[in-house]
Amino acid sequence: MSADPESWNLKSVGVIGAGSMRLSLAAVLGTQVPVTIVCRNAQRAQQLLEQGARVRGRIDASSQPRVVRR
């Protein structure tokens, strides 16, 4: 696999876990490809369904990922 993300040709991405780092990853990746997050916490899953994944600061990104409860 090339180090150049433009050459990856991703159709979708799965993120396992909904902690702060993984939500940041989902928010950024979700601006480019569909993202599915696997989440075990019911409250967090509901929050993601309602508000999506967002990151603010040096990087500003948000996406509306598909949420799967484990």
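Note on the range 36-51: residues that are in contact (Cβ under 8 Å) with a residue 24 or more places away in the chain and either hydroxyl-bearing (Ser, Thr, Tyr) or not in a helix (DSSP H, G or I) (or both) total 5.
So, in the range 52-67, of the ones that are within 12 Å of the chain's Cα centre (by Cα), within 12 Å of LEU23 (Cβ to Cβ) and not β-branched (Val, Ile, Thr), which residue ends up most open to solvent (accessible area, probe 1.4 Å)?
Taking the candidates together, the pick is ARG54.
Within the range 6-30, which residues are open to solvent by 70 Å² or more (accessible area, probe 1.4 Å) and either of a type in the set (Val, Ile, Thr) or in contact (Cβ under 8 Å) with a residue 24 or more places away in the chain (or both)? Listed by number, the residues that qualify are SER12, ILE16. For the residues VAL13, VAL55, VAL35, the requirement of being modelled with pLDDT of 95 or more and in contact with a Ser or Thr (Cβ under 8 Å, 6 or more places away or on another chain) singles out VAL35.
Within the range 53-70, residues that are touching a residue at least 24 places away in the same chain (Cβ under 8 Å) have Cβ atoms under 9 Å from residues that are basic (Lys, Arg) and part of a loop (DSSP other than H, G, I, E, B) in these pairs: SER62/ARG56; ARG69/ARG40; ARG70/ARG40, counting only partners at least 6 apart in sequence or on another chain. Being part of a loop (DSSP other than H, G, I, E, B) and either surrounded by 11 or more Cβ atoms within 10 Å (Cβ to Cβ) or acidic (Asp, Glu) (or both) is a description that applies to VAL33.
The values are calculated or read from the model by the stated rules, or taken from the named source; none is laboratory data. Note that the structure is predicted; figures quoted are calculated from it, not measured. Heads up, the Cβs are rebuilt from the backbone with ideal geometry, glycines too, and the neighbour counts pull from every protein chain shown. These accessible areas exclude ligands, DNA and RNA; they are computed on the full protein's heavy atoms, side chains included. Shrake-Rupley method; radii C 1.70, N 1.55, O 1.52, S 1.80 Å.
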